[in-house]
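See structure below.
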Amino acid sequence: MAQEGDPPDDLSAGHPARPVLYSFRRCPYAMRARMAIAAGGQCCELREVVLRDKPAELLAASPKGTVPVLVDVDGSVVDQSLDIMLWALRRNDPGGWLQPERATLDEMLALVAECDGDFKQHLDGYKYPERHPGADAAAHRALGALFLLRLDARLADGPCLHGAHAALADFAIAPFVRQFAQVDVGWFDSRPWPRLKAWLAARLDAPVFARSMRKYPPWRSGQPGIVFPD
């Protein structure tokens, strides 16, 4: 298993020797980015961020201060998780994540947009009602469940969201369904969503998910990051 690795900077070129990925292990947006990077075999320097103590380098690259953020070797910044997935997979896509069996790429991205829009809003209201004054956690759970019900119905046509093999939408959406399920495991387990539960279990059992969820020490300024994937 790789440890803190090669020096992150190529001093002769003035640029990092490999792209730098600022990440936080438990963030679902960062999970999807790490999975795509691992699936595409893109080698990065991973810098695990402590969100309550964000490094200056992260904020300099992306003032919004959220993860994931990818700084490419030419200094260009990609600071949206879906764009990082596309960055990695357009370079190498051995698993066909960008080639769903029964949808176009645009149709697949539209489903991800639904997850990132209304469903994410209801997930936040359900999981963190104290952060949203006036939020009704039960109401948000019920509204979020409508999206999950639609996913379960979609899975009647195959084991994955767009056919027989898992593609970008499966891995982009699964971290958020996982988070929703973990708020109240007993309630989630009681729902009549057999196909959705089997789909989620398959995504969480996938080797690429295990690779993306390894624990690394927090990165500190001046230290080398972790070579990812190892």
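The values are calculated or read from the model by the stated rules, or taken from the named source; none is laboratory data. As the structure is a prediction and not an experimental result, all values here were calculated from the model. Cβ sites come from the backbone with ideal geometry, for glycine too, and all protein chains shown count toward neighbours. When the accessible area is computed, the model is the full protein with side chains, heavy atoms only, and any ligands, DNA or RNA have been set aside. Shrake-Rupley method; radii C 1.70, N 1.55, O 1.52, S 1.80 Å.
Can you compute the FRET efficiency between residue 64 and residue 92 using 1/(1 + (r/R0)^6), with r the Cβ-Cβ distance and R0 = 30 Å? Round to the nearest 0.05.
It comes to 0.60.
Over the chain, what is the relative contact order in whole percent, taking alpha-carbon pairs under 8 Å and six or more residues apart?
Contact order relative to length: 30 percent.
Evaluate E = 1/(1 + (r/R0)^6) for residue 101 and residue 191, where r is the Cβ-Cβ distance and R0 equals 35 Å; express this FRET efficiency to the nearest 0.05. Mind showing how you got there, number by number?
Details: r = 26 Å, r/R0 = 0.76.
About 0.85, to the nearest 0.05.
With angles folded into 0 to 90 degrees, how steeply does helix 137-154 sit against the dominant principal axis of the chain? Use alpha carbons for both and round to 10.
90
If I ignore ligands, DNA and RNA and count only protein heavy atoms, how much of residue 97 is accessible to a 1.4 Å probe, in Å² to the nearest 10?
We get 20 Å² for residue 97.
Roughly how many Å² is the accessible area per residue of the chain, as a whole number, for a 1.4 Å probe?
Solvent-accessible surface per residue comes out at 47 Å².
I'd like the distance separating the alpha-carbon centroids of the stretch 205-227 and the stretch 152-200, in whole Å.
Their Cα centres are 25 Å away from one another.
Could you work out which residue, out of 108, 35, 85, moves most in a Gaussian network model of the chain, that is, has the largest mean-square fluctuation with Cα springs under 10 Å?
Of the options given, 108 has the highest mean-square fluctuation.
Starting at the first residue of the stretch 51-62, write each ³J(HN,Hα) from the Karplus equation 6.51 cos²θ - 1.76 cosθ + 1.60 with θ = phi - 60°, in whole Hz, x for Gly and Pro.
Couplings: 5, 7, 9, 5, x, 4, 5, 5, 5, 5, 6, 8 Hz.
Quote to one decimal, in nm, the extra length available between residue 149 and residue 198 on full extension: 0.36 nm per residue of separation minus the C-alpha distance between them. Kindly include the intermediate steps, with their values, before the conclusion.
Values: separation 49, 0.36 × 49 = 17.64 nm, distance 1.35 nm.
Full extension from residue 149 to residue 198 adds 16.3 nm.
Determine, from the Cβ-Cβ distance of residue 17 and residue 83 and an R0 of 22 Å, the FRET efficiency 1/(1 + (r/R0)^6), rounded to the nearest 0.05.
For R0 = 22 Å, the calculated efficiency reads 0.50.
Using a 1.4 Å probe, how large is the accessible area of residue 127, given in Å² and rounded to the nearest 10?
70
What percent does the relative contact order of the stretch 60-113 come to when contacts are Cα pairs within less than 8 Å and at least six residues apart?
Values: 29 pairs, mean separation 9.9, N = 54.
Once normalised by length, the contact order is 18 percent.
Leaving ligands, DNA and RNA out of it, report the carbon-plus-sulfur percent of the accessible area of the chain at a 1.4 Å probe.
Working: 5640 of 10790 Å².
Ligands and nucleic acids excluded, carbon and sulfur give 52 percent.
Mind grabbing the accessible area of residue 122 for me, 1.4 Å probe, Å², rounded to tens?
30
Can you work out the Karplus-derived ³J(HN,Hα) for every residue in the stretch 44-49? Use 6.51 cos²θ - 1.76 cosθ + 1.60 with θ = phi - 60°, whole Hz, and x for glycine or proline.
10, 9, 7, 10, 6, 9
Nearest 10 degrees, 0 to 90: what angle lies between the long axis of helix 28-40 and the longest principal axis of the chain (Cα atoms)?
Approximately 70 degrees, to the nearest ten.
Give a residue-ordered list of calculated ³J(HN,Hα) values for the stretch 195-207 (Karplus: 6.51 cos²θ - 1.76 cosθ + 1.60, θ = phi - 60°; whole Hz; x for Gly, Pro).
Each residue's phi maps through the Karplus curve to give 5, 5, 5, 5, 4, 5, 4, 5, 5, 6, 8, 5, x Hz.
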